[in-house]
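Colleague: Before we start, here is the structure in question, set down as structure tokens.
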Amino acid sequence: FPSHDMKAGEKIVCNTSPTIDRIKPELGYVKGNIQVISYRANTLKSNATIEELQKVLEHLRNIV
């Protein structure tokens, strides 16, 4: 989700809210290892494997 599509929710976190993400979680929140991504993208990234995301993308490409 591109950063220009992000917009903070009012008083609550929403899918488009910006969040700080660790690129390599084991390195922690240090310079060079963080990026700003949407809450939705961070949620997907936190609990889906690359293989799972590739399967979802492949499925979506086949039905569109």
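The values are calculated or read from the model by the stated rules, or taken from the named source; none is laboratory data. Keep in mind it's a predicted model, so treat the numbers as computed, not measured. In this analysis, Cβ positions are derived from the backbone assuming ideal geometry, glycine residues included, and neighbour counts consider all displayed protein chains. For the accessible areas, the whole protein counts, side chains as well, though only heavy atoms, and no ligand, DNA or RNA atoms are used. Shrake-Rupley method; radii C 1.70, N 1.55, O 1.52, S 1.80 Å.
Colleague: Could you list, in sequence order, all residues of region 11-25 that are loosely packed, with under 12 Cβ neighbours inside 10 Å and either modelled with pLDDT under 85 or farther than 14 Å from Ser46 by Cβ (or both)?
Modeller: Lys11, Ile12
Colleague: What pairs come out if I take residues in region 11-37 that are more than 21 Å from Ile50 (Cβ to Cβ) and pair them with residues that are in a loop (DSSP other than H, G, I, E, B) whose C-beta lies under 6 Å away, six or more apart or interchain?
Modeller: Filtered contacts from region 11-37: Thr16/Met6; Thr16/Lys7; Ser17/Ala8; Ser17/Gly9; Pro18/Met6.
Colleague: So, one more: Kindly provide the set of residues from region 5-23 that are more than 9 Å from Tyr39 (Cβ to Cβ) and among the aliphatic types (A, V, I, L, M), ordered by number.
Modeller: Those that are more than 9 Å from Tyr39 (Cβ to Cβ) and among the aliphatic types (A, V, I, L, M): Ala8, Ile12, Ile20, Ile23.
Colleague: Every residue in region 3-55 that is in a loop (DSSP other than H, G, I, E, B) and of a type in the set (Ser, Thr, Tyr), please.
Modeller: Thr16, Ser17, Tyr29, Thr49
Colleague: Select, from Ala48, Ala41, Ala8, the only residue that is in contact (Cβ under 8 Å) with a residue 40 or more places away in the chain, at negative phi and either open to solvent by 100 Å² or more (accessible area, probe 1.4 Å) or within 16 Å of the chain's Cα centre (by Cα) (or both).
Modeller: None of the others qualify; the one that does is Ala41.
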